Amino acid sequence: MKSNSFTTIIIEAEPNHYLTQSDDSIDLKDRIVATVIALGKFDEPSNYKEITKEEGDEIKAQQEQLNKENNQSE
């Protein structure tokens, strides 16, 4: 019989903030903008940074625009 255990790390943004990847080279379409993130086995909190709600809302708006443009071109 095998037995495995693991720990889930959950990071949460402060009020009126979002979390996103620390690496600024992440493509806009792949960028995460969330208030809570459950980290995977090989992920760590230092891979994320806190941004203001305004910055997060701007990224989300850019992602929505990109999705609209991609859907129109199909």
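Miscellaneous remarks
- Criterion violated by S3 - all others in (1) farther than 26 Å from Q62 by Cα; (2) surrounded by 14 or more Cβ atoms within 10 Å (Cβ to Cβ) satisfied: (2)
- Pairing residues of segment 53-74 that are within 12 Å of R31 (Cβ to Cβ) with residues that are of a type in the set (A, V, I, L, M, F, W, C) and exposed (fewer than 13 other Cβ atoms within 10 Å of the Cβ), at Cβ distances under 7 Å and at least 6 apart in sequence or on separate chains, gives Q62/L28; Q63/L28; L66/L28.
- Qualifying residue in segment 55-64 (condition: at pLDDT below 95, at negative phi and small (G, A, S)): no
- Of all residues in segment 36-74 being within 21 Å of T7 (Cβ to Cβ) and among the polar types (S, T, N, Q), the one that is nearest to the chain's Cα centre (by Cα): N47
- Tallying residues that are closer than 17 Å to T8 by Cβ, charged (D, E, K, R) and assigned to a helix (DSSP H, G or I) within segment 27-74 yields 0.
The values are calculated or read from the model by the stated rules, or taken from the named source; none is laboratory data. Given the structure is predicted, the values throughout are model-derived calculations rather than measurements. Every residue, glycine as well, gets a Cβ built from its backbone with ideal geometry; the counts of neighbours run over all protein chains shown.
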